[in-house]
Every structure is written in C-alpha cells, then in structure tokens.
Amino acid sequence: LPQDWVNYVFRPVTGVSKYKETTAAASATGTLFELPYGKLKGAVGVEVRQSEIDDTPALDSQIGNLFNLTTSTPTRGKDKVVDTFAELDIPLLANLPGVHELTMNVSGRWSDYDSYGKGSTYKVGALWSPVKWLTLRGTQGTSFRAPALYEQFLGATSGFAASSGDPCNSWDAPSNIGSTRSNNCASEGLPAGFAVGSGNNQSITVINSGGAAAGLKAETSDNVTVGLVIQPSLGAGMGDLSLAVDYFDIRVDNGVARAGTSAILSRCYDSPTFRAGGGFCRLVNPRNPVTNALTVNDSFVNLSSDLVRGMDYTMRYTNNVGPGRLRLNATVTEYKVQASRLFAEDPLDHVNGTIGSPKLTGNLDVYYDYKGWRGYYGLDWVGKMDSYAYLEEDPATSIYLFKTPDYYTHTVSIGYRADKWSVTAGVRNITDKAPPSISSGFYNRVGNAPLYSGYDYVGRTVFVNASKTF
C-alpha cells in the first residue's frame, strides 16, 4: 500500500482518563465511662468524599471515524458523600464461672450521596468466651455499595445487534397471532410479513450508558457470620496457636448490572402493559417511523441478586525461632453456595464449583522477622473447577475442555525497614505458572485461559518497592 495512504488511514487513537478524589475526615475514640465489668468504649466520626471522573475518548472515536468500530462519548460526572458513623464496645460480663468474657459491639453508619440519596447500615456483634482458650462469636448486619462513577455516568457507546434479535420477527405468523407479543407488535403498525430478510427489518442499535439518569440506586446486602476461635495453651517455648472456623451467609440485592439487549426486548414485548407500563420498555425507544428499526438503551440498572454461603478456616501461629520470630497465617475458604439471578422472578442460577466460581480457595503467608529484616513466602491456591454438568456436557464424549486443575502460585521477598525508609525486593509467581486453558464459546477468556481474578496472567515478576518518610 502507498505509504502516504497508510499514514493517513492508520493513526494512533488515544483517549485520556482522569480521576480525582478529595477526602476529609474527623473522628474521636475513647472510654465513655466504667461499667461493672470493664470500660464502655466508643467512637464517632464523619467523613466527606468527593470524586470526579473525566474519561475522554479520542476525537475519531467520538465522531464515528474508526473503521468497523462504533462511536463512544465522554464519561464525565461527579459524586459526593457525607458519612456519619458511631460504634460502641460494651463489656457485659467477665471473669465469672462459665463467662471469661462476654462483650457486645454495635455500630451504625448514615450516608448521604448526591447521586442517589440517603442510606444507613448497621452491625451487631457479640463475643463470648466461656473459658480463656475458647471463643464463640457472631455478627449480623447490613451494607451497601454505591454505584461507581463509571456505572453512573458511562458515556453512551453505540453498538449493533443482528436483525434476527427483533422480537417482532414473524409477528403475524398463524402460530403467533393472539399472543401478547404479537398484539404488542401489531400496535406499532408493523407490516405483514415483517421478518429477517423481508427488506423491512433493520439491525438493532444498542446504546450502552450509565444509569444515573434512570435513577440508579445502591446495592444492598444482609450478612450473618457465626464462628468459634480456639487458642490452646501449648506450653513454654511452643509458641502461640489460634484456630478459627466461621460460617458466613451473604445476600446482595438490587445489584448493579446491565440486563442485556435480548432480555430487555423480550421482557418489554411480552409485557401485557407494553409501553404504557414502563418497566423494561422504558429502555426501548419508539421504532424509527421510516425503517421500523429498534434502539435499545442497555444502561446500568438495579437488577440482580447474589447469594454466597460458606466456611472460612483460619490458622495463625507465632513463635521465636532462632534469633528472630516466625509467623504463619493460613486461610481456606470453602463455598457451599454461590448463586445469582438477574431478575427477581428468575430461579437462582447455582454455579458453585464451575469455572470462575471455585468451591475452594486458600493462601499461606509465612513471615520471619529479625531486627529490621523481614523474609516472606506466600502460597496462593485456587481449587479445581468443572463446568461439564452445568453446561450439560458429558466429559467422556465432549469435544470441549471445560475443566481446570488446582492452581498454585508462589511468592518470596526480603525487606528491610529503618526509621525513615524501607525497601523490599522479591519475585511473584516464582515458577512462572500459567493459568489453565479452556475451550471458547461460553466463558470470557484471557488468551485461552478463563477470566478469573485468582489467576496470574502476567507470569514471573521481579519487583522492588522503596519508601521514604520526611
């Protein structure tokens, strides 16, 4: 190709993203007064956070000047929140027969967001030690996640879906006449024989955008944890050992998500109230009066529910070894349930143990401290995953690979900390372990590996961190 033509057509296209956050906080903690079995301690505080995003695509992207790519507009917006919080630590009983310690903790937070309004959360917890080496604990509370700036203010990005996805294809076929969908299509004045290839059916324009204008709210959750801690006495010189088992049950509602073009159209055109009833039809623009083309606004909305239940197993051990001190932390999480649904009336989709949702994960951290030096070894483990049954595939005859083995990575480092400076050097993923491969066609992938946060896609990495205080 002529070089001047190449230079004109192939150009760097660079967008610029800026994020700014300003915070201010004040808090006070201390003893409020003495109770019969200890000090009543409290904390109060207020925090103000203001954040702003400005993501500006290249001009060629904004004006639709990129071959085979759609347009994108700037993502710009800001949000501000004022948080007020308080917490009490209440000693109820202590040093009595059957009650070495009994305490309660209560806390609450009130938040006022410019973007979606006010919300509050709470947590109530209790701790009971019948004897010094055994502790039972439990908490119940709520939480919420405010929509991210990206989810609120994502600039409209256009795309296209095939005309075969139009819910009114063959609306006047004898088998469809009289159905809710057929009646809704007829109300739009669509011609008889409207179908793919008929000449009057157009591709569907899809606009992805933020949900602030549509009244996007925060995700909310309810959570319960119950557990016990055992701290046996090992004797002189044997170190300190702590073993803990905790059960957790977390449910998230009003999850921030996009419904998807197909789900929006089917739920709109299958609705008895159709466009008069709002619902998902508010995300579907009136058809083009000339071409009958559809435009769908797949913005972020409050939809999904997520349910997670499982067990955390934790071990901590410390002891003086040689001239320094050894510390081990090991944690294993066993998921009993991992399930979600996009719409309230949908059944839960159980995915525990499938690709992207392992039943077992764990890590081990080993530290050795000597004067200002610290050595570290870390092991991260992701359990095996299998999606054959979930995808209704027989592994004995399937031509697809939808199973992954256990995955381990190792990290080592050595560091030194002085009064006003520190330095740490080490290697992540020492063995250069690559993520396992799966077949394409169902899961998002990075290369041939499943897209999962527990996998290392970079490989062996040498790092040096240094800090200095003044």
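The values are calculated or read from the model by the stated rules, or taken from the named source; none is laboratory data. Quick caveat: nothing in here was measured; it's all calculated off a predicted structure. Heads up, the Cβs are rebuilt from the backbone with ideal geometry, glycines too, and the neighbour counts pull from every protein chain shown. Areas reflect the complete protein model, heavy atoms only, side chains present, ligands, DNA and RNA absent. Shrake-Rupley method; radii C 1.70, N 1.55, O 1.52, S 1.80 Å.
Here are a few things to note about the model shown:
- Computed in the context of the full set of protein chains, the accessible area of the stretch 118-203 at 1.4 Å probe radius has 58% of its extent on carbon or sulfur.
- Modelled FRET efficiency - R0 30 Å, M315 with N448, Cβ distances, 0.05 increments: 0.25
- Normalised per residue, the accessible area of the stretch 7-75 is 73 Å², obtained with a 1.4 Å probe and no contribution from ligands, DNA or RNA.
- Listed peptides 380-389, 159-168 appear in the order 380-389, 159-168 once ranked by packing, highest mean of other Cβ atoms within 10 Å at the front.
- Heavy-atom accessible surface of the stretch 1-108: percent carbon and sulfur, 1.4 Å: 58
- In this label model, A28 and D83 are separated by 2.0 nm, measuring between points 7 Å along each Cα→Cβ vector.
- Between the stretch 382-399 and the stretch 43-71, the alpha-carbon center distance in angstrom: 39
- Whole-number accessible area per residue in Å² for the stretch 283-330, which is evaluated in the context of all protein chains at 1.4 Å: 46
- Full-extension gain in nm, V290 to L59, via 0.36 nm per residue minus C-alpha separation: 80.1 nm
- Inter-centroid distance (Cα atoms) of the stretch 336-359 relative to the stretch 169-236, Å: 17
- Ordering of 415-423, 331-339, 3-11 by burial proxy (mean other Cβ atoms within 10 Å per residue, highest first): 331-339, 415-423, 3-11
- Here each label is just a point 7 Å from Cα along the line to Cβ, and for L69 and A418 those points are 4.8 nm apart.
- Cα-projected label distance for Y457 with Q231, points at 7 Å along beta-carbon direction, nm: 4.3
- Label zone of T180 (point 7 Å out along Cα→Cβ, amide N under 13 Å): in the stretch 329-361 this covers 345.
- Computed in the context of the full set of protein chains, the accessible area of the stretch 413-470 at 1.4 Å probe radius has 54% of its extent on carbon or sulfur.
- Of (i) 28.9; (ii) 34.2; (iii) 25.6, the label for mean projected area of the Cα convex hull in nm² derived from the coordinates: (ii)
- Taking a straight line from the alpha carbon of K123, these lysines sit under 30 Å away, with near neighbours fewer than eight places off in the same chain left out: K39, K41, K78, K80, K132, K217, K336, K359.
- Gain upon complete extension [V337, S170; 0.36 nm per residue less C-alpha separation]: 56.0 nm
- Were the residues from A94 through Y408 laid out at 0.36 nm apart, the gain over their Cα-Cα distance would be 108.6 nm.
- Within the chain, helix-based [θ] at 222 nm, where runs of 4 or more DSSP H residues each add -39,500 (n - 2.57), nearest 500: -1500 deg cm²/dmol
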